[in-house]
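The values are calculated or read from the model by the stated rules, or taken from the named source; none is laboratory data. Computed from a predicted structure; not experimentally measured. All Cβ positions, glycine included, derive from the backbone under ideal geometry; neighbour counts span all protein chains shown. In case anyone asks, the SASA skips ligands and DNA or RNA and just uses the protein heavy atoms, side chains included. Shrake-Rupley method; radii C 1.70, N 1.55, O 1.52, S 1.80 Å.
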Amino acid sequence: MNLYVRATLIVLIFIVATGLVAIPFGNPNFIDRAILLELSFVALSVLIWRGYNNALYACIPLAVFVIIGNSLAPPHVNLMMTFSKPLNAIVLIVGGYVLQVALIYTSFRSIVAMRSKRMTTAT
C-alpha cells in the first residue's frame, strides 16, 4: 500500500468518525440518508484496506456529491454562516468540506501514483 493510498484510508476513517459524531446532532428526518452515506464511506474504507484500489475512483464523486449537497442545503448554509450551534457548525465544516477536499486530493494522488507505477513497470 503506497503512501497516498494510506493517506486516503486515514481520511476515510476520519470522515467515518466525524459522521458518527455528527449523525446524532442532525435532523431525525434524514437519519436514513445519513446512515447510508456513512455506510458507503465505511464500505470504501474496507475495500481500500483490503487492496481493491479501484474503490479510489468512487471516492472522488462521492466527496463532490457531499460538498455540493452541503452547499445546496439551506439549513447547512445558515448554520455555517451564523454559527448558531457552534459544535454542529464546526463538525459540518470539518466533515463536510475539509475532509472531503482531503479525500478528493488523496484519492487523486493515489490514482496518479498507481497509474504512473503501471506505466513505469510496463516499459
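Of the residues in the stretch 27-70, how many are touching a Cys at 6+ places or on another chain (Cβ under 8 Å) and either acidic (Asp, Glu) or open to solvent by 90 Å² or more (accessible area, probe 1.4 Å) (or both)? Residues flagged as touching a Cys at 6+ places or on another chain (Cβ under 8 Å) and either acidic (Asp, Glu) or open to solvent by 90 Å² or more (accessible area, probe 1.4 Å) (or both) within the stretch 27-70 amount to 0. How many residues are modelled with pLDDT under 95 and among the hydroxyl-bearing types (Ser, Thr, Tyr) when one looks only at the stretch 46-70? Count: 1.
Looking at Ile31, Ile93 in this structure, which one is among the β-branched types (Val, Ile, Thr) and more than 17 Å from the chain's Cα centre (by Cα)?
Selected residue: Ile31, the only one of Ile31, Ile93 that is among the β-branched types (Val, Ile, Thr) and more than 17 Å from the chain's Cα centre (by Cα).
All told, Ala89 meets the bar of being over 24 Å from Ala7 (Cα atoms) and at pLDDT 90 or above. Restricting attention to the stretch 26-57, the residues that are within 16 Å of Gln100 (Cβ to Cβ) and acidic (Asp, Glu) add up to 1.
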